[in-house]
Amino acid sequence: MIETILLESGIDCDIDRVHVDWSPAKLIEHAISHHEGYLTSTGSLSVSTGAFTGRSPENRYIVDTGDAERNINWNSSTNKPIDEKTYKRVRKNVTRYMSQRRHLFVIRGYAGADRQYARKVMVVCERAHQALFIQNMLVRPTADELEVFGRPDILVFAAPSYVCSRDRDGVEPAAVILDMNKKKIVVAGTGYCGEIKKAVFTMMNYLLPIEDGVLPMHCSANVDPVTGKTCILFGLSGTGKTTLSADPDRLLIGDDEHGWSPRGVFNIEGGCYAKTIDLTREREPDIFDAIRFGSVSENVKLDRRTRAAVYSDSSITENGRAAYPLEHIERVVESGTGEIPSVVLFLTADAYGVLPPISKLSREQAMFHFLTGYTAKVAGTELGVKEPQPTFSALFGEPFMPLDHMTYAYLLGEKIAQNNTRVYLVNTGWTGGPYGVGHRIALFHTRALVKAAQTGELDVAGYRHDDVFDVDVPLACPGVPTDLLTPRSTWADGEEYDRCAADLAQKFRDNFNKRYPGVQLEDLAKARR
């Protein structure tokens, strides 16, 4: 079957050169013997991804034909069209190139832990460490499932050494192309493995809402081992999503990509892809200890003598990464699934210091903040800017959501209403003033607020309405000072707080009106798919 699929795809080579579903040990042996990387002192396979140490949005395309032409949100800056003729030329050249390789690797797995909504994925790649990476990231089939795996739903070709040429291929120097109609992906010219992972996720974000009515989410999820209650956490980089989802009193379902179906939440992945910059065992013990034999470390500086990872060294890139299977984490849900979420948390690191540390959202407010996807980054001193910089990424993962944003927002709104799911906006950023004046909210206070939200204890004391941000703020929370819940009381100058809060609220409105002209908050409340 695999030989037939390869031939049909344009890869014509001796099947003996195709290594199918090799074990981690065999892949690591091959990678080292063929100079793809080194073993670190903890046993992780350390590799360099070359010129590309992160995703390359300018080289990512979606084929604009068939149903995709009608369904894709072409208005988004992240969805670049490519015509079918150019795509077929690139795919033909890439598969011809792969036919000439001495070794090819095939990995089969699932995108989705809940098999009812999962898609079978087959990745054909040029390098052993790519195979190990995607083997870690996909949900691994059982031996019985591999026996009857058959044809994949999604087929991926990854050829990092094939450098695209404008004259030959029509694109350069790299290409990540998604054919939503035929469910095929080409990743060429870039060795950054995250392109494979995110391309599969983007494909799932297209298929799940259209074919299954499932909401795909760029979020983490965990569960209370006693009650079984599930919580999902959205948040952009720097908001504490990884830290808060790795709660020592809860079990991790997954840290990045999930689906919300009528049956509950399921992890789309089978592993984690964690940033390693400044990683320490004290701050992130689960991640630190998971980077061992069987994992892949990308672009992480090594001590030349000891081969120990130097996570504080960003000379290669700030975006050093490690990919490891969920089995490397102790407190995980082995099935990769959970109940329908009882709580949704939107995390933001508000560097303006004006958002409450936690607030409860109505259905329409939840949809508004989902579409807004706000956090604030501290200013870059090299630009001479002294105020925080707002960041808006719709759906907390806009680059990977190819459909109209309202499709995902309406799905979220429906699921919140149908399941009486509680939604909270959590500020993990500053209080007492903006960055440089105030201080960051203590992690133990944030954990107390999150725990109270998850258990429902936050509702006991009641709420007051914040008219500026149109949210409900709790009057009290166990283990949290009362004045912290009212940001204005933490500022030395109340009038300055009022000015800064009004300014941020206006930034929310301006962003929303620009992105979704004519859409009103009351429209979200009434919306139905």
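The values are calculated or read from the model by the stated rules, or taken from the named source; none is laboratory data. Just so we're clear, the structure is a prediction, and the values are computed from it rather than from any experiment. Cβ atoms come from the backbone with ideal geometry, glycine included; neighbour counts cover every protein chain shown. SASA here: full protein model, heavy atoms, side chains in, ligands and nucleic acids out. Shrake-Rupley method; radii C 1.70, N 1.55, O 1.52, S 1.80 Å.
Sort 198-209, 508-519, 473-484 by the packing proxy (mean of other Cβ within 10 Å over each peptide's residues), most packed first.
Final packing ranking: 198-209, 473-484, 508-519.
Return one number: the angle in degrees, 0 to 90 and rounded to the nearest 10, between the long axis of the Cα atoms of helix 84-99 and the longest principal axis of the Cα atoms of the chain.
Roughly 60 degrees between the two axes.
Evaluate the relative contact order of the stretch 97-155 (contact order divided by residue number), counting alpha-carbon pairs under 8 angstrom at least 6 apart; express in whole percent.
38
With r as the distance between the Cβ atoms of Arg292 and Asp498 and R0 = 45 Å, compute the FRET efficiency 1/(1 + (r/R0)^6) and round to 0.05.
After rounding, the FRET efficiency stands at 0.30.
Distance from the Cα centre of the stretch 262-318 to that of the stretch 88-158, in angstrom?
That distance is 23 Å.
Give the relative contact order (percent, whole number) for the stretch 383-529; include only Cα pairs under 8 Å separated by 6+ residues.
19
Within the chain, what whole-number % of the accessible surface is contributed by carbon and sulfur, with the 1.4 Å probe and all protein chains included in the calculation?
The nonpolar share, carbon plus sulfur, comes to 49 percent.
Placing +1 on the Cβ of each Lys and Arg and -1 on the Cβ of each Asp and Glu in the chain, which of Thr431, Pro341, Val124 has its Cα farthest towards the positive end of the resulting dipole?
Val124
Could you tell me the relative contact order of the chain? Use alpha-carbon pairs under 8 Å, at least six residues apart, and round to a whole percent.
This gives 14 percent for the chain.
Among all the lysines, which ones have a C-alpha under 18 Å from Lys184's C-alpha, if same-chain residues fewer than 8 places away are not counted?
The reachable lysines, counting only those whose Cα sits under 18 Å from Lys184, are Lys80, Lys85, Lys88, Lys92, Lys120, Lys197, Lys198.
Points 7 angstrom from Cα along the Cβ direction at Glu145 and Arg168: gap in nanometres?
About 3.7 nm separates the two model spin labels.
Using the heavy atoms of the protein chains alone and a 1.4 angstrom probe, what is the accessible area of the chain per residue in square angstrom?
41
If I stretch the segment between Arg515 and Ser48 completely, what's the gain in nm (0.36 nm per residue apart, minus their alpha carbon distance), one decimal?
Gain on stretching Arg515 to Ser48: 164.3 nm.
Relative to the present Cα-Cα distance, how much length would full extension add between Glu327 and Glu282 at 0.36 nm per residue of separation?
14.1 nm
Quick one: what are the phi-derived ³J(HN,Hα) couplings along the stretch 243-250, Karplus 6.51/-1.76/1.60 with θ = phi - 60°, whole Hz, x for glycine and proline?
So the J values, rounded to whole Hz, are 5, 6, 6, 8, 6, x, 9, 10.
Helix 494-515 versus the longest principal axis of the chain: what is the Cα-based angle in degrees, 0 to 90, to the nearest 10?
Rounded to the nearest ten degrees, it is 40.
Can you give the helix-only mean residue ellipticity at 222 nm for the chain, where every DSSP H stretch with n ≥ 4 adds -39500 (n - 2.57) and the sum goes over all residues, rounded to the nearest 500 deg cm²/dmol?
Rounded to the nearest 500, it is -8000 deg cm²/dmol.
Can you tell me the length gained on complete extension of the stretch Lys92 to Asp467, counting 0.36 nm per residue apart and subtracting the Cα distance?
That works out to 129.2 nm of additional length.
How far, in degrees from 0 to 90, does helix 194-207 lean away from the longest principal axis of the Cα atoms of the chain, to the nearest 10?
70
Under 16 Å between alpha carbons, and skipping anything fewer than 8 positions from Lys415 in its own chain: which aspartates and glutamates qualify?
Cα-Cα hits under 16 Å: Asp212, Glu339, Glu364.
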